[in-house]
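Undergrad: Structure below; questions to follow.
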Amino acid sequence: MKWIKQIYDCFHTYKQWFLMLIATSLLFSFLAWLAYPESFNVLVGLMIVFTLAMISMSVFIIIRKQKIIEATFQNFLLEPNETNEERLCHVSPKTHWSFIRSMGSVIRSYQAELNEQVIELADYENYIEGWVHEIKKPLSLMTLVLDNRSDEMSPLVRQRMLHIRDRMLGDVERILYFARLGAAHKDYIFEPLRILAFCKETIENHQTLLDESAFQIQFIGEEMEILSDRKGLAFILEQLIFNSTKYVAQNQANPILKFETVYDEVSDQTILHISDNGPGVSEEDLPFIFDKGFTGGRGTYTRQATGMGLFLVSKMAYDLAIQLDARSELGSGLTISLIFPHVKQ
């Protein structure tokens, strides 16, 4: 089939020349009939054999040359330097040389620009990671002061300082994870986790964020075991907690954050619903809340959003094979569902 396609492409590309060859053969056949009617059959037979031989030889030479051009062109695309450019010109028709040289010049220009951007991006990522590690030092010092000098400050001031520290730590973790999104190797360690107990542990680590807005925490459902990466799942839960505390409506009475486990017997999957009773997301914005940089147009969530928190949640969930589902109505809170895959151990 490949040879048939190559022959067809050859005929289609050079059809005008083959038609001229056939027309020339027909003309000479007619002249032979006029000049030598007694030997017309022999002459026409020779003419047909010669024409078919010329066509076959032409097709063979064209296909062979085309393969050489394709191989040389592939080498040129992989490494568009001047040496490969000259090799491509050498095997190509001379009428194409100017186009090949123009193309090589443009590709090399874009390649140089791309290399500069790659270097700049690598430097930027290194700077961000270095900055993150440096900023953790004063945050650690802040924690040390808050732990050892708590008697020197009022409970309200200490609570506010803890709240600010935890928000800064959350921002730092997001920056660090975003900088590592393109890493080729990620150190995930999957282990059995009791989901409600893990949620309670994560909440305890971020209690100050919830206390600042006077959140009530509710746990519904039975304890279930899932298989996931501890750090990755903690990152997802932290971002969802941070979202609920960040976008709580001003002067909202009795803000609630609810964790509910459900087992779907049909799909054999464990589901964790994380719900709040905040301002919610409008119907037209809901399908896009996991998109990078999406801030939407309506609702307290979207007005204050940076469009990065839930995007990072979706990326981490993808790495951990967790499906995400979101349900909300404007003014009725937001529910994010984590659907864990069933894994046979």
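The values are calculated or read from the model by the stated rules, or taken from the named source; none is laboratory data. What you see is a predicted model, and the numbers here were worked out from it, not measured in a lab. Backbone-built Cβ (ideal geometry, glycine too); neighbour counts: all protein chains shown. Protein only, heavy atoms only, side chains kept; ligands, DNA and RNA dropped before computing areas. Shrake-Rupley method; radii C 1.70, N 1.55, O 1.52, S 1.80 Å.
Undergrad: Taking segment 311-327 as the region of interest, how many residues are at pLDDT below 90, open to solvent by 20 Å² or more (accessible area, probe 1.4 Å) and within 23 Å of Gly280 (Cβ to Cβ)?
TA: 1
Undergrad: Here's another thing I want to ask about it. Filter segment 55-74 down to the residues that are loosely packed, with under 15 Cβ neighbours inside 10 Å and either farther than 24 Å from Leu21 by Cβ or not aliphatic (A, V, I, L, M) (or both) and list them by number.
TA: Ser56, Phe60, Arg64, Lys65, Lys67, Glu70, Ala71, Gln74
Undergrad: Scanning for something under 30 Å from Thr72 (Cα atoms), basic (Lys, Arg), touching a residue at least 12 places away in the same chain (Cβ under 8 Å) and assigned to a helix (DSSP H, G or I), does segment 134-148 turn up at least one residue?
TA: No, every residue in segment 134-148 fails to be under 30 Å from Thr72 (Cα atoms), basic (Lys, Arg), touching a residue at least 12 places away in the same chain (Cβ under 8 Å) and assigned to a helix (DSSP H, G or I).
Undergrad: List the number of the failed condition for Glu212; all other conditions in (1) over 24 Å from Leu320 (Cα atoms); (2) open to solvent by 70 Å² or more (accessible area, probe 1.4 Å); (3) of a type outside the set (A, V, I, L, M, F, W, C) hold.
TA: Unmet condition: (2).
Undergrad: On the basis of being under 30 Å from Arg174 (Cβ atoms) and either among the basic types (Lys, Arg) or within 29 Å of the chain's Cα centre (by Cα) (or both), does Tyr127 make the cut?
TA: Spelling it out, Tyr127 is indeed under 30 Å from Arg174 (Cβ atoms) and either among the basic types (Lys, Arg) or within 29 Å of the chain's Cα centre (by Cα) (or both).
Quick grid of which residues meet (1) part of a helix (DSSP H, G or I); (2) among the small types (Gly, Ala, Ser); (3) open to solvent by 30 Å² or more (accessible area, probe 1.4 Å); (4) modelled with pLDDT under 85:
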{"residue": "Leu227", "(1), (2), (3), (4)": "no, no, yes, no"}
{"residue": "Ser267", "(1), (2), (3), (4)": "no, yes, yes, yes"}
{"residue": "Ser275", "(1), (2), (3), (4)": "no, yes, no, no"}
{"residue": "Gly278", "(1), (2), (3), (4)": "no, yes, no, yes"}
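Undergrad: I need the full set of residues from segment 268-279 which are more than 30 Å from His342 (Cα to Cα) and touching a strand residue (DSSP E or B) at 6+ places or on another chain (Cβ under 8 Å), in order please.
TA: Across segment 268-279, the qualifying residue is only Gly278.
Undergrad: Counting only residues that are open to solvent by less than 20 Å² (accessible area, probe 1.4 Å) and either in contact with a Gly (Cβ under 6 Å, 6 or more places away or on another chain) or of a type in the set (Lys, Arg) (or both), how many does segment 245-265 have?
TA: Of the residues in that region, 2 qualify.
Undergrad: Checking Pro192 against (1) of a type outside the set (A, V, I, L, M, F, W, C); (2) in contact with a Leu (Cβ under 8 Å, 6 or more places away or on another chain); (3) in a helix (DSSP H, G or I); (4) exposed (fewer than 11 other Cβ atoms within 10 Å of the Cβ): exactly one of these is not met. Which one?
TA: If we test Pro192 against (1) of a type outside the set (A, V, I, L, M, F, W, C); (2) in contact with a Leu (Cβ under 8 Å, 6 or more places away or on another chain); (3) in a helix (DSSP H, G or I); (4) exposed (fewer than 11 other Cβ atoms within 10 Å of the Cβ), just (3) comes out false.
Undergrad: Kindly list, by first and then second residue, each pair from a residue in segment 11-22 that is part of a helix (DSSP H, G or I) to a residue that is at pLDDT below 70, limited to pairs with Cβ atoms under 7 Å and residues at least 6 apart or on different chains.
TA: These pairs meet every condition: Phe18/Phe11.
Undergrad: Does Phe288 satisfy the condition of being under 27 Å from Ala214 (Cβ atoms), at pLDDT 85 or above and either open to solvent by 50 Å² or more (accessible area, probe 1.4 Å) or touching a Leu at 6+ places or on another chain (Cβ under 9 Å) (or both)?
TA: Values: under 27 Å from Ala214 (Cβ atoms): no; at pLDDT 85 or above: yes; either open to solvent by 50 Å² or more (accessible area, probe 1.4 Å) or touching a Leu at 6+ places or on another chain (Cβ under 9 Å) (or both): yes.
No: the conditions fail for Phe288.
Undergrad: So Glu204 ticks every box in (1) open to solvent by less than 20 Å² (accessible area, probe 1.4 Å); (2) at pLDDT below 90; (3) over 25 Å from Arg327 (Cα atoms) but one. Which box is left unticked?
TA: Condition (1) is where Glu204 drops out.
Undergrad: Among the residues of segment 100-131, write down those that are polar (S, T, N, Q) and open to solvent by less than 90 Å² (accessible area, probe 1.4 Å).
TA: Ser102, Ser105, Ser109, Gln111, Asn115
Undergrad: Further question on the same structure: Against the conditions (1) open to solvent by 70 Å² or more (accessible area, probe 1.4 Å); (2) under 34 Å from the mean Cα position of the chain (by Cα); (3) modelled with pLDDT of 85 or more, where does Glu134 fall short? Just the number, please.
TA: Condition (3) is where Glu134 drops out.
Undergrad: Looking at (1) open to solvent by 50 Å² or more (accessible area, probe 1.4 Å); (2) farther than 20 Å from Asp187 by Cβ, can you tell me which one Lys231 breaks?
TA: It is condition (2) that Lys231 fails.
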